[in-house]
Amino acid sequence: MKKDSQARYLAIAESLKHQIGKMAPDTLLPTENELAAQFAVSRVTVRQALGLLEQAGTITRTRGRGTIVNPPKAIRNNIPMCTLEDDFRQQGIAYETQILGFDAAYRPAPEVRERLRLSPKERVGVLRLTRIVNRRIICFEERYCRADVAARFDLDTLRSHGIVEIISKLSGMPIETVEFETEILPSSGDIASALGLTRGTPVLQNSFVYFLSNGEPVETGSIAYRVDRCKFRAVGRFPTSGASTAPVSANVGSSAAPRKSSGKTRDGNAKRQ
C-alpha cells in the first residue's frame, strides 16, 4: 500500500470520527458513494476508513441498512476496585444480566481446583452469563464458586443483585480481597460465541479470585470484554503525594561531570567496600 493512500484513509477516518462524535446513536451515515464524493477519493479508500472505525467500535456496517453510529463505549472502572454491578450503578448505566447456564455440581479443571484450594473430589458451581448495555452484549463471565455456596444460588436474585454481594451473604462473611490479572487474548470458541464475535477476535480478559475475610478463596473465574464496546479507566494515587517513590540522582539532566567520591560517609568515616 502506498504511503499517500494510507495517509488519506487514516485522515478520512479521523475526520469521520470527529463528525460521528457529534451524532446521536443509530444515526445513519452517508453512503460510500456520498462519502467518496465528499472527500474526493475512491470508494476503496472510504471503505478502508470505515473499516478502521468499525474495528474501533465507532460504527456498525450492515448489509441492506448501511452504516450507523454506535452508542458510546461503556466505561469500566478497575481502580478504585469495585464490581461491575456497583460500578455501573454508580455511573447510572442501565444493564441487563443474561444467564447462559448454571451447574451447581460441576467437576472443575485443575487450575480452578488449585485456585479454590479444593480436594480432588470436590465439585464447584459454575455460572456463565453475559452483561448487556444499550441492547448490546459487552462481556461474558464464567464464574466458579465453592459448591456449598453455589447450591443456595437463586437465579432470579443473581440477575438483579451483585454476585459478590450474594456470595458474601451466603458465606456469612464479607469478600475482602480480590486478585486479578488482565490480558489481551484471542477469543476461544465459547467466548466468541457468547459475545457474538468471530473466533480469534481479541478480547480483554480479567481472571480473578475472590477471598473471604478469613482468607479462604470462595470464587474464581474470568470476565471477557468486547474491546469495541468497552473502555477501561483507573483512578488512583501514588504512594507519596507529590514525590517520586524512587530516589533521583543529583546528576540526572545535568551535563556536568560526576564528582569523585571521597570514599567517606557523611560522618567522616571511611566507607566499607
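The values are calculated or read from the model by the stated rules, or taken from the named source; none is laboratory data. Computed from a predicted model, the values in this text were never measured in an experiment. Note: ideal-geometry Cβ built from the backbone for every residue, glycine included; neighbour counts use all protein chains shown. Side chains included, ligands, DNA and RNA excluded: accessible areas come from the protein's heavy atoms. Shrake-Rupley method; radii C 1.70, N 1.55, O 1.52, S 1.80 Å.
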**OP:** Place a label point 7 angstrom from the Cα of Val235 along the Cα-to-Cβ direction, then list the residues of the range 66-89 whose backbone nitrogen is under 15 Å away.
**Re:** 75-83, 87-89
Original post:
Which whole-number percent is the relative contact order of the range 1-103 (Cα, under 8 Å, 6+ apart)?
Top reply: 25 percent
Original post:
Using a simple charge model, +1 on the beta-carbon of Lys and Arg, -1 on the beta-carbon of Asp and Glu, nothing else, what dipole does the range 51-170 show about its Cα centre, in debye to the nearest 20?
Top reply: 340 debye
**OP:** Show that you can apply the helix-only estimate: for the chain, add -39,500 (n - 2.57) for every DSSP H stretch of four or more residues, divide by all residues, and state [θ] at 222 nm to the nearest 500.
**Re:** -8000 deg cm²/dmol
Original post:
What whole-number value in cubic angstrom gives the convex hull volume per residue for the C-alpha atoms of the range 67-221?
Top reply: 124 Å³
**OP:** Provide Rg over Rh for the chain; use the alpha carbon set for both Rg and the Kirkwood Rh (inverse mean inverse pair distance).
**Re:** 1.14
Subject >> Spin-label pair Ala24/Phe180, simplified geometry with 7 Å Cα→Cβ offset, distance in nm >> reply: 3.4 nm
Original post:
What size of dipole, in debye to the nearest 20, comes out for the range 179-239 about its Cα centre when the only charges are +1 on Lys and Arg C-beta atoms and -1 on Asp and Glu C-beta atoms?
Top reply: 420 debye
Subject >> the range 125-210 - charge dipole about Cα centre, Lys and Arg +1 at Cβ, Asp and Glu -1, debye rounded to 20 >> reply: 380 debye
Original post:
Based only on the alpha carbon positions, what is the Kirkwood hydrodynamic radius of the range 23-86, in angstrom?
Top reply: 13.6 Å
Original post:
For the chain, what % of the accessible area comes from carbon and sulfur atoms, probe 1.4 Å?
Top reply: 51 percent
